[in-house]
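Participant: Could you have a look at this structure, given as structure tokens, before my questions?
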Amino acid sequence: MKCSGGTQIVAIFGCPITHSLSPVMHNAGFSELGLDLAFVPFEVRPADLKDAVNGLRAMNFKGANITVPHKEEVIELLDEISEDAFLIGAVNTIENRAGRLLGTNTDCMGFIRALKDAGADDLKKSKVVILGAGGAAKAACVGLLREKVKELVIVNRTQRKAELLQENLKGTFKKNKISVMPLDFEALKGEFSDCDILVNTTSVGMKGDSIKLPLESLKAGALVYDMVYNPPKTKLLKQAEKLGHKTENGLNMLLYQGVIGFETWTKKEAPISVMKQALFDAAYK
Ligand code: NAP
């Protein structure tokens, strides 16, 4: 990463932040296009978030990514947020337009782009079962509903959280079929039998763990998408693969949410293959 007198900064704020793969991905992209930009991680404690966000204006940063635990709290510190960010209740990308900070959520369409890459080409005809009801699930649901998915079923360990998400989504997506199911092995058999896409948005799988699911009941040819990307093949993906299902992990979602951010900050087409290789190397080599 070269710095000149004219280098502009894109930041990422999180706490902790050292694990983030975004700096490697974005700096590879900036360098490929010969842009005088640098992507720099900052560990920002929750109590310092307001000062850090004001710093984006004060130091004329080009923009920022926002990660855990600041995605919700940052909203009230911005000048404007996109409709997706409002619906999801979280911002992960900020653009600094001459001191006005605009917040968006690129997880949502990053997820959809990754899902389509994995073979989900006809969402309007697809029934999707979502495991989880946290921030990642919200982004996935909004993306799927925007794409007019045929049916959406939300399954969460804490069922009340899934019901709240369902109520919230129904306020905007009035015509879509959205239901909630308990995380119950027997009850899920019926749901799985005509499910086209199963998406894990929970953190389960990161530690080699798995949720007990009736995968044998899953419709033949169903796609199983796991937002977890480390390990590259979770137990869920291994089991699904054994049963003959198409599978995909969450690395491309991370890539595409970054691609949308990159294009927002630079107004240039992102060098996707370079960014993808950098991300892959940083994650797995
Ligand atoms: P979150 O808001 O904390 O939500 C966590 C979800 O996981 C909740 O629905 C929670 O259920 C569920 N859960 C946790 N432990 C569980 C268990 N033992 N059994 C069943 N359910 C369990 O987190 P998040 O922000 O949504 O992130 C979730 C995962 O998505 C993380 O692994 C994150 O790294 C990943 N992610 C990936 C990308 C990507 O680009 N690939 C982007 C965003 C997030 P309860 O409500 O019952 O607690």
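Participant: Name the residue that is modelled with the lowest pLDDT, counting only residues in region 124-146 that are in contact with a Lys or Arg (Cβ under 7 Å, 6 or more places away or on another chain) and not hydroxyl-bearing (S, T, Y). Even if it seems obvious, please write down each step before you answer.
Facilitator: Applying the first criterion (in contact with a Lys or Arg (Cβ under 7 Å, 6 or more places away or on another chain)) to region 124-146 yields 124-127, 133, 135.
Of the ones still in play, those that are also not hydroxyl-bearing (S, T, Y) are 124-125, 127, 133, 135.
On the way: K124: 97, K125: 97, K127: 98, A133: 97, G135: 94.
Restricting to residues being in contact with a Lys or Arg (Cβ under 7 Å, 6 or more places away or on another chain) and not hydroxyl-bearing (S, T, Y), the top hit is G135.
Participant: Scan region 110-145 for residues that are small (G, A, S), open to solvent by less than 10 Å² (accessible area, probe 1.4 Å) and part of a helix (DSSP H, G or I) and jot them down.
Facilitator: G110, A114, A137, A139, A140, G143
Participant: Looking at region 195-212, is at least one residue more than 16 Å from the ligand (Cβ to nearest atom) and at positive phi?
Facilitator: Of the residues in region 195-212, the ones more than 16 Å from the ligand (Cβ to nearest atom) are 195-196.
Okay, now just the ones that are also at positive phi, so none.
No, there is no match, as no residue in region 195-212 is more than 16 Å from the ligand (Cβ to nearest atom) and at positive phi.
Participant: Let me ask something additional. Suppose we filter region 194-232 for residues that are in contact with a Pro (Cβ under 9 Å, 6 or more places away or on another chain) and either open to solvent by 10 Å² or more (accessible area, probe 1.4 Å) or part of a helix (DSSP H, G or I) (or both); how many remain? Break it down into steps so the answer makes sense when it comes.
Facilitator: Residues of region 194-232 in contact with a Pro (Cβ under 9 Å, 6 or more places away or on another chain): 205-206, 208.
Checking the rest, the ones that are also either open to solvent by 10 Å² or more (accessible area, probe 1.4 Å) or part of a helix (DSSP H, G or I) (or both) come to 206, 208.
Total meeting the criteria: 2.
Participant: Continuing with this model, one more query. Need the failing condition index for E163 against (1) over 26 Å from Y256 (Cβ atoms); (2) away from the ligand (no atom under 15 Å from the Cβ); (3) of a type in the set (D, E), just the number.
Facilitator: Result: E163 passes all but (2).
Participant: Any chance region 44-65 includes a residue that's within 30 Å of T172 (Cβ to Cβ) and of a type in the set (F, W, Y)?
Facilitator: Of the residues in region 44-65, the ones within 30 Å of T172 (Cβ to Cβ) are 46, 49-50, 53, 56, 63-65.
With the extra rule that they be of a type in the set (F, W, Y), the set shrinks to none.
No.
Participant: Suppose the filter is assigned by TED's automatic domain parsing to the domain that holds P16, hydrophobic (A, V, I, L, M, F, W, C), within 16 Å of the ligand (Cβ to nearest atom) and in contact with a helix residue (DSSP H, G or I) (Cβ under 9 Å, 6 or more places away or on another chain); does A120 pass it? Break it down into steps so the answer makes sense when it comes.
Facilitator: Details: assigned by TED's automatic domain parsing to the domain that holds P16: no; hydrophobic (A, V, I, L, M, F, W, C): yes; within 16 Å of the ligand (Cβ to nearest atom): yes; in contact with a helix residue (DSSP H, G or I) (Cβ under 9 Å, 6 or more places away or on another chain): yes.
Against the criterion (assigned by TED's automatic domain parsing to the domain that holds P16, hydrophobic (A, V, I, L, M, F, W, C), within 16 Å of the ligand (Cβ to nearest atom) and in contact with a helix residue (DSSP H, G or I) (Cβ under 9 Å, 6 or more places away or on another chain)), A120 does not qualify.
Participant: Could you count how many residues in region 169-191 are in contact (Cβ under 8 Å) with a residue 40 or more places away in the chain and open to solvent by 40 Å² or more (accessible area, probe 1.4 Å)?
Facilitator: Looking only at that region, the number is 2.
Participant: Additional query: Could you check P46 against (1) open to solvent by less than 20 Å² (accessible area, probe 1.4 Å); (2) farther than 20 Å from G143 by Cβ and say which number it fails?
Facilitator: So P46 meets the others, but not (1).
Participant: Checking N156 against (1) within 22 Å of S82 (Cβ to Cβ); (2) within 10 Å of the ligand (Cβ to nearest atom); (3) not aromatic (F, W, Y), only one condition comes out false. Which one?
Facilitator: The failed condition is (1).
The values are calculated or read from the model by the stated rules, or taken from the named source; none is laboratory data. Keep in mind the model is a prediction, meaning the values are calculated, not measured. Cβ: placed from backbone, ideal geometry, glycine included. Neighbour counts: every protein chain shown. Note: areas computed on protein heavy atoms with side chains; ligands, DNA, RNA excluded. Shrake-Rupley method; radii C 1.70, N 1.55, O 1.52, S 1.80 Å.
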